[in-house]
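Everything below concerns the one structure shown next.
The values are calculated or read from the model by the stated rules, or taken from the named source; none is laboratory data. Being a predicted model, the structure only gives us computed values, none of them experimental. Reconstructed Cβ throughout: ideal geometry from the backbone, glycine too, with neighbour counts over all protein chains shown.
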Amino acid sequence: MTKIVLVSAVALIDPDGRILLAQRPEGKSLAGLWEFPGGKVEPGESPEQALIRELQEELGIDTWQSCLAPLTFASHAYKDFHLLMPLFACRKWQGTPRSQEGQALKWVKAHELASYPMPPADIPLIPILRDWL
């Protein structure tokens, strides 16, 4: 039986319409690939609560559930588990995103997303974001 892992992710969109990508640090699986910020949903958390917590931990910013708009989701079979990842759009937060865990950050226009190497689960999200923005 395949384990399902629920991960919440966000497309943080700045006033210029750019999306924030984070590079997975060395030592983590898929190191060096670019992804949308977020992380695992812990027991008892909603995907929105997990995202609010992860944004505080990873980027040092605060946002609110009312600012997280469900956009789409990814469903991808990796070798050892199946990833289910809701992707939210967020245009409003407090603070300036700064790397809290040593990961590189980059603001990218939607039409440039495809030029960044990403985990397999994130790739199908690119055309949806490009068409939506």
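Some notes on this structure:
- Only a single item in (1) under 22 Å from ALA50 (Cβ atoms); (2) touching a residue at least 60 places away in the same chain (Cβ under 8 Å); (3) out of contact with any helix residue (DSSP H, G or I) (no Cβ under 8 Å at 6 or more places or on another chain); (4) exposed (fewer than 13 other Cβ atoms within 10 Å of the Cβ) is not met by GLN94, and it is number (2).
- Test: residue in the range 50-63 that is touching a helix residue (DSSP H, G or I) at 6+ places or on another chain (Cβ under 8 Å), in a strand (DSSP E or B) and not polar (S, T, N, Q): yes
- Condition broken by SER29, with the remaining ones in (1) of a type in the set (Ser, Thr, Tyr); (2) under 20 Å from LEU105 (Cβ atoms); (3) outside any loop (DSSP other than H, G, I, E, B); (4) without any contact (Cβ under 8 Å) to a residue 24 or more places away in the chain satisfied: (3)
Okay, residues lined up against (1) within 22 Å of SER115 (Cβ to Cβ); (2) crowded, with 18+ Cβ neighbours inside 10 Å:
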residue: THR2; (1), (2): no, no
residue: LEU6; (1), (2): no, no
residue: ASP16; (1), (2): yes, no
residue: LEU20; (1), (2): yes, yes
residue: PRO25; (1), (2): yes, no
residue: PRO43; (1), (2): no, no
residue: ARG53; (1), (2): no, no
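- Test: residue in the range 44-54 that is modelled with pLDDT under 95 and within 19 Å of LEU125 (Cα to Cα): no
- Condition met for LEU71 (modelled with pLDDT under 95, over 17 Å from LYS40 (Cα atoms) and within 13 Å of the chain's Cα centre (by Cα)): no
- You will find that of LYS109, LYS79, the residue that is loosely packed, with under 15 Cβ neighbours inside 10 Å, farther than 13 Å from SER8 by Cα and in contact (Cβ under 8 Å) with a residue 60 or more places away in the chain is LYS109 and no other.
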